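Chemist: Let me give you the structure first, and then I'll get to my questions.
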């Protein structure tokens, strides 16, 4: 494996890790306002921004889930990724 391929794989792995962390944080926030606005307000110490914000956070969580799944599928099908993981 050459340096460029290694760098790409490392970058993809970092992105995937950060995306999964962001998904966990976003889902936790969605759970708060689904339990009630007061739960969100007590956690963030500010008024709940409204239903538009809630919709945006739900959409962000869905997008992150889709992107993570897409990257994981692509990695599973990549010969270079498999060679790196399986060695």
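The values are calculated or read from the model by the stated rules, or taken from the named source; none is laboratory data. None of these values were measured; they are calculated from a predicted model. We place every Cβ from the backbone using ideal geometry, glycine too, and count neighbours over all the protein chains shown.
Chemist: Could you grab me the full set of residues in the range 11-40 that are touching a helix residue (DSSP H, G or I) at 6+ places or on another chain (Cβ under 9 Å) and over 20 Å from residue 60 (Cβ atoms)?
Modeler: Answer for the range 11-40, where residues must be touching a helix residue (DSSP H, G or I) at 6+ places or on another chain (Cβ under 9 Å) and over 20 Å from residue 60 (Cβ atoms): 12, 13.
Chemist: Same structure, new question: Which residues, counting only those in the range 9-43, are in contact (Cβ under 8 Å) with a residue 24 or more places away in the chain and closer than 27 Å to residue 71 by Cβ?
Modeler: Hits for the range 9-43 are 9, 12, 15, 16, 19, 20, 22, 23, 26, 27, 29, 30.
Chemist: Kindly evaluate residue 10 against the criterion of being surrounded by 11 or more Cβ atoms within 10 Å (Cβ to Cβ), over 22 Å from the mean Cα position of the chain (by Cα) and modelled with pLDDT under 95.
Modeler: Details: surrounded by 11 or more Cβ atoms within 10 Å (Cβ to Cβ): yes; over 22 Å from the mean Cα position of the chain (by Cα): no; modelled with pLDDT under 95: yes.
No, not satisfied.
Chemist: Inside the range 29-68, can you point out the residues that are exposed (fewer than 14 other Cβ atoms within 10 Å of the Cβ) and over 23 Å from residue 19 (Cβ atoms)?
Modeler: Let us first name the residues in the range 29-68 that are exposed (fewer than 14 other Cβ atoms within 10 Å of the Cβ), namely 31, 34-36, 38, 42-47, 50-53, 55-56, 59, 62-63, 66.
Within the range 29-68, 35, 36, 38, 42, 45, 46, 47, 50, 51, 52 qualify.
Chemist: Which residues, taken from the range 23-44, are at pLDDT 90 or above and either under 21 Å from residue 12 (Cβ atoms) or assigned to a loop (DSSP other than H, G, I, E, B) (or both)?
Modeler: 23, 24, 25, 26
Chemist: Which one of these does residue 47 not meet: (1) closer than 23 Å to residue 76 by Cβ; (2) at pLDDT 90 or above; (3) part of a loop (DSSP other than H, G, I, E, B)?
Modeler: (1) is the only condition that residue 47 fails.
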